[in-house]
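The values are calculated or read from the model by the stated rules, or taken from the named source; none is laboratory data. Keep in mind it's a predicted model, so treat the numbers as computed, not measured. Virtual Cβ from ideal backbone geometry, glycine too; neighbours counted across all protein chains shown.
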């Protein structure tokens, strides 16, 4: 599956979850339901994947975890907040850089219409 089809499937899954649940729940509930939806679509993913920090040649475990990593190609970060703030986008961009993954999706489920809570970030970086 190419990256656009994959992100389309992930976004579609998030829209289904939001349509069924609506806004107002905890982030953990949306994560559980989104993972269930991905599983029913037979899309491979890892939940709460550890992300070490690379510092001066060392790989240090600092407690960072990516919410969902889909097929080792897309990082999905979930929020249930009033607004997507610049710090949320910065967090995802940092995760992209540290992981070497190029595409990230940021979902805020605390919106009336899910399309208003979707941010797609593509990071082209040098290794």
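Considering only residues of the stretch 69-88 that are under 20 Å from residue 54 (Cα atoms) and without any contact (Cβ under 8 Å) to a residue 60 or more places away in the chain, which is surrounded by the most Cβ atoms within 10 Å (Cβ to Cβ)? Looking at the filtered set, the residue picked out is 75.
Residues in the stretch 17-46 that are in contact with a helix residue (DSSP H, G or I) (Cβ under 9 Å, 6 or more places away or on another chain), surrounded by fewer than 16 Cβ atoms within 10 Å (Cβ to Cβ) and not in a loop (DSSP other than H, G, I, E, B): 19, 20, 21, 29, 36, 40. If the condition is being within 19 Å of residue 99 (Cβ to Cβ) and out of contact with any strand residue (DSSP E or B) (no Cβ under 9 Å at 6 or more places or on another chain), then the stretch 3-57 contributes 55, 56, 57. The residue that is surrounded by the most Cβ atoms within 10 Å (Cβ to Cβ), counting only those in the stretch 56-68 that are over 13 Å from residue 10 (Cβ atoms) and within 12 Å of the chain's Cα centre (by Cα), is 66. Has the stretch 89-99 got any residue that is surrounded by 16 or more Cβ atoms within 10 Å (Cβ to Cβ), at pLDDT 95 or above and not in a helix (DSSP H, G or I)? No: zero hits.
Residue count for the stretch 100-117 under the criterion of being in contact with a strand residue (DSSP E or B) (Cβ under 9 Å, 6 or more places away or on another chain), outside any loop (DSSP other than H, G, I, E, B), in contact (Cβ under 8 Å) with a residue 12 or more places away in the chain and over 20 Å from residue 46 (Cα atoms): the result is 2.
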